[in-house]
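Here is the structure we will look at, set down as structure tokens.
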Amino acid sequence: MPSRSPARPAGRAPARTRTPATDDGTNATSASATRRRAAVATLLAEHAFALLQQAPEAPFNHEAVAAAAGVSPRTAYRYFPTQSDLVAAVWRQLRDQTGTVWPETEATIIPSLRDLFAQFERNNALTRAVIAAAPRANISQHGSAEGRAAFKRALAPRLAIMSRKQGAQLVATCVAIYSAPFWQMLRDRGQLSPVGAADAACSAMQALLSTSPTPP
């Protein structure tokens with residue numbers, strides 16, 4: 001006759017293998033999965049960024065990024081469901097690599113602008129590649145959104161005494177000056193030196209601010 005498994009004492013549930021907890025009390029398996037997801041998202045963002053940098057004229061989409069990263073397009077869509085999500089990840093990579101920062105107050109606008117143009121010069125090839133890729137990736141939509149929000153905060157006292165239309169025009173012009181395309185225009189079409197381009201941009205920004213209403 002076949003042997004029988006030893007009977008379990010009545011009322012006692014079978015023993016379960018418990019997943020050890022991490023130091024902060026989270027489930028170790030869950031924490032590991034979270035790290036894996038973060039690693040894949042980072043991998044995709046890095047390859048998307050490299051794709052724009054190395055081939056700015058090439059198609060930019062989930063399929064191209066997935067091929068560069070060695071994963072399936074389905075994986076790329078899982079982590080970045082829309083084109084906007086993918087571009088946002090690239091923008092964050094670009095912002096971190098170039099050290100792009102926005103002015104926090106009106107007093108820091110001119111110094112920050114000069115620092116920004118210096119960053120464009122230090123990352124000349126990358127900056128130009130991103131500008132060239134703009135028609136396909138539209139990275140500027142994310143940078144412009146951050147820029148508008150930053151200038152609204154920095155210029156809040158001025159904007160408070162201006163009409164909505166005037167305020168929108170002031171913010172929009174500030175964002176246009178505080179940008180890579182403006183830098184490129186001064187350098188290429190204006191044939192200015194790096195220092196000359198920075199000086200011209202700062203002069204334009206100062207002139208703009210000096211002609212807008214100031215709070216009492």
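Please treat every number below as a calculation from the coordinates, not as lab data. Note that this is a predicted model, so its numbers are computed, not measured. Ideal geometry is used to build each Cβ from the backbone, glycine not excepted, and the neighbour counts take in all protein chains shown.
Numbers for the structure displayed
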item: Calculated [θ] (222 nm, deg cm²/dmol) that DSSP helices of n ≥ 4 give over the chain, each run adding -39,500 (n - 2.57); result: -20500 deg cm²/dmol
item: Answer label, with mean projected area of the Cα convex hull in nm² calculated from the coordinates and candidates [x] 11.8; [y] 21.9; [z] 15.1; result: [y]
item: Dipole of the chain, positive end: most advanced residue of 212, 53, 79 [Cβ charges, Cα centre]; result: 79
item: Rounded to 10°, Cα long-axis angle of helix 109-122 versus longest principal axis of the chain; result: 70
item: Test item: Cα-centred dipole of the chain, Lys/Arg +1 and Asp/Glu -1 on Cβ, debye; result: 1160
item: Cα long-axis angle, helix 83-98 against the chain (0 to 90 degrees, to the nearest 10); result: 70
item: The chain: angle of helix 124-137 to the longest principal axis, Cα-based, in degrees nearest 10; result: 70
